[in-house]
4 protein chains.
Amino acid sequence: MSGPKDIPTFVKDERLVEMRREQIVRAAVRLFIEKGFHRTTTREIAQASRFSIGTLYEYISSKEDVLYLVCYDINARMREGLEPLEALEAPPDALLRLAIERLIRVVDAMDDEVLLIYQESKSLLPEALKDVLRREAEIVAFFARLLRAGRAQGVFRIAEEDIDLMAENIVVLAEMWAFRRWALRKQYSIERFIATQTRLLLGELGVPAESGRPAEGRPAAAGPSDVRSAED
Amino acid sequence: MSGPKDIPTFVKDERLVEMRREQIVRAAVRLFIEKGFHRTTTREIAQASRFSIGTLYEYISSKEDVLYLVCYDINARMREGLEPLEALEAPPDALLRLAIERLIRVVDAMDDEVLLIYQESKSLLPEALKDVLRREAEIVAFFARLLRAGRAQGVFRIAEEDIDLMAENIVVLAEMWAFRRWALRKQYSIERFIATQTRLLLGELGVPAESGRPAEGRPAAAGPSDVRSAED
Amino acid sequence: MSGPKDIPTFVKDERLVEMRREQIVRAAVRLFIEKGFHRTTTREIAQASRFSIGTLYEYISSKEDVLYLVCYDINARMREGLEPLEALEAPPDALLRLAIERLIRVVDAMDDEVLLIYQESKSLLPEALKDVLRREAEIVAFFARLLRAGRAQGVFRIAEEDIDLMAENIVVLAEMWAFRRWALRKQYSIERFIATQTRLLLGELGVPAESGRPAEGRPAAAGPSDVRSAED
Amino acid sequence: MSGPKDIPTFVKDERLVEMRREQIVRAAVRLFIEKGFHRTTTREIAQASRFSIGTLYEYISSKEDVLYLVCYDINARMREGLEPLEALEAPPDALLRLAIERLIRVVDAMDDEVLLIYQESKSLLPEALKDVLRREAEIVAFFARLLRAGRAQGVFRIAEEDIDLMAENIVVLAEMWAFRRWALRKQYSIERFIATQTRLLLGELGVPAESGRPAEGRPAAAGPSDVRSAED
DNA sequence: TATGAATGAGGTTTCATTCAT
DNA sequence: GATGAATGAAACCTCATTCAT
């Protein structure tokens, strides 16, 4: 499996398929977040998609297909959220800082969705699960590239062998904003969360903390480079 | 809800209740890991517990109760695994090092169970979920206490406000050994994982990396040392 | 598969299983005859069996199982109908005469059932179909044994190689009373049908027609032996 | 109902109707044989016919219509297979011999189709079923005519009243080559089957066996007349 | 205290047919 | 004449829970 194209449909008009599946995904994401995959019925999905159950099955061939479409879509939207970073030209440390912030903000905007992936991807059929994990891994791979680039330029102090694990760490320490929100949100603002996770991760890479958000016990110091995110 | 005691049962003999529920949990953990909560039937749970479906319902009053018992048990076993640390007397940094290693080893030994919590606790009834989260939080709280102690002694350079988040980070960076195993295990040994996560976390606390590979049962090194890891 | 014992059930009490399955078969035969296998719903079967759909599925595991039970039962009842012959002592030709008559009378009494087998056994699962055909073949084998005995005694003039085909012919020429009834019944009484098919088959075996039912163009002649069926 | 002409269609061009229906029948016979009538979907029929489901319904008005077309076609092809016999001039016994052989060869060539009729004609709508049975009966009637002619010439020794039953027997003893093939084919060649069934049937008519295939216990003797089938 | 047969609401999926284009 | 997307009743089957024994 590599994308929704591999899910069989009885409908020939590709445009229509894409459109209807978008409807399905929009409806299903909401329902799955609300009640979980197993407690959501196909009838509910059809109803929320604004067509009959029969029509639903013209576009997918099992409920698991809907889950795959949903997971695929969530992953795609997350990557879209990170896309602006690809084009960015900046020193590695600044870039990484930006990327971490961006990732956390994307996770914040899609927290329900991230949680959904953590909780329901196990219900995917094996083929689909493999595909979803591979796509997940591509987000990690993006960070691994950043790290490698920085290491090549001598900006990051990290062993080559540790790069992949570090990249996993980055993603997990961002996504926990979603799957640990019950613990985090009552005490931390997203700004503080971003600042702290960034400092933790860049600290390990031998990059001193950036100025602006002095933390107790840690002298505020101008970072070695100074690029602001496009959003600022 | 605060513990299995709050789950109603028709049986009066407390000993018996405890015994039977132990059977139930042993059977259900295995089944939930294998097939997930929703795909496991109460009939299967009864059968694997070696008694009838009727008897099962003498000791619980809904399938969700079984999930609660299972989550409770997993949490309890994890805390048991960390218990030896409570009595340990050692400098904060050594203690933390040990605690991180221990936690990761416990996660390694109970990886299926940790994953189960991540994936299925959403199906708990609200009351039960709250209880499970509270107990989860106690593991985090243990690390927060360690951090606070170290901070009080001036060994850890961390803001009071960051302590809770840092403690969450520790737990998440350990538990990811379970919920990211599909990505991690093909590349990393548990030893390397422990070493790297430890370095990352202690680095942030201003504690330089220890030499060698900390192994369980190894006497805590006194005070921070100034040796870089062999990998650097 | 070799008998209903191989159909899984959730119910442990074997007596009960047998009883309930009898109910199921009684209900299903009627329904299948009336509407055919595919047009009969499992709910109708449950209802006609006087229990809930859930209970139905405690005793079988698919609708095809019901069909198997039905086919098995029909075959068993047919063989029961022929059983009295097994004990009978008489010259081979008299025995065969009796057996043919008996078979036709059984087919007459179970004509709907015989038709059902012809029309619906194709819907059996492969394993079950094989079993049903094997049991069908045993009826044929009974006649083959009769023929072989008669041949051994020099009463039937038939090549060994033709015996199995001849036995098939006997069964088919009897069962056609069921599956060709739309053509036969408007013109023939069962008595005439029995007489004619018997003459045809015994004629081929070199046994002259029996007296009693003279046919035009054929001199009535005393048969070589003279045993009357128990029913006469 | 008397022929496909009575099945309503939205299409006016009769040529087109005939053409399309031929496509439908070709596709449907194959599918019905493969999976049975009920397990074949109209979508599959349309697809195999190389046009859309909408178009299918321009030429028929229900799935049962397709079954009727199929049964009608099978019957027509069987009769076509027997047609050469109509023109043949030969003594009745030779003619009957030929006709039986021919019928069996047609059944052999269309065994799946014959089986289909036996198994699925029950699903025809009452009107259509009546028509199919009537057409079936015409095959039987052909043999009845042969018998009557032979009787008139004094070649066959058979009572007038038995002629129709005898004709049914002929057809059934031929068609069993299809519907009992699971039992017959593992032991008999079609040649032997033809020979044996012919002998059985002609024996009953007082016609001695033909030379060529002497059967044990039965002296080989030249038949009273000697006409070879056109195929020889 | 233990059993397990019974229940039936509700799950997913199918498919003959229609009708706007 | 041809198309194929849309429909929804209805199919088969599951399973948490109860309750008489």
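Pairing residues of the stretch C:115-129 that are basic (Lys, Arg) with residues that are crowded, with 19+ Cβ neighbours inside 10 Å, at Cβ distances under 8 Å and at least 6 apart in sequence or on separate chains, gives C:Lys122/C:Leu129; C:Lys122/D:Gln119. When each of D:Leu115, D:Leu129, D:Leu88 is tested for being modelled with pLDDT of 95 or more and over 11 Å from the mean Cα position of the chain (by Cα), the lone residue that passes is D:Leu129. D:Gln187 fulfils the conditions (1) more than 7 Å from chain C (Cβ to nearest Cβ); (2) open to solvent by 60 Å² or more (accessible area, probe 1.4 Å); (3) not hydrophobic (A, V, I, L, M, F, W, C) except for a single criterion, (1). The single condition among (1) away from DNA strand E (no atom under 16 Å from the Cβ); (2) within 17 Å of B:Ala128 (Cβ to Cβ) that B:Ile33 does not meet is (2). If you go through the stretch A:145-180 and keep only what is modelled with pLDDT under 95, more than 16 Å from A:Pro92 (Cα to Cα) and open to solvent by 20 Å² or more (accessible area, probe 1.4 Å), you end up with just A:Glu161. Return the residues of the stretch D:186-200 that are closer than 17 Å to D:Ala109 by Cα and assigned to a helix (DSSP H, G or I); say none if nothing qualifies. Within the stretch D:186-200, D:Ile190, D:Glu191, D:Arg192, D:Phe193, D:Ile194 qualify. Candidates B:Arg97, B:Arg50: the one that is away from chain A (no Cβ under 14 Å) and at positive phi is B:Arg50.
Each residue in the stretch C:10-44 was checked for being away from DNA strand F (no atom under 11 Å from the Cβ), open to solvent by 50 Å² or more (accessible area, probe 1.4 Å) and either more than 14 Å from chain D (Cβ to nearest Cβ) or closer than 26 Å to B:Ile53 by Cα (or both), and 11 pass.
Looking at D:Arg77, D:Arg26, which is the one that is within 30 Å of D:Gly150 (Cβ to Cβ), among the charged types (D, E, K, R) and free of Cβ contacts under 8 Å to residues at least 60 places away in the same chain?
Result of the check over D:Arg77, D:Arg26: D:Arg77.
The values are calculated or read from the model by the stated rules, or taken from the named source; none is laboratory data. Keep in mind the model is a prediction, meaning the values are calculated, not measured. Cβ: placed from backbone, ideal geometry, glycine included. Neighbour counts: every protein chain shown. For accessibility, only protein heavy atoms count, side chains too; no ligands or nucleic acids. Shrake-Rupley method; radii C 1.70, N 1.55, O 1.52, S 1.80 Å.
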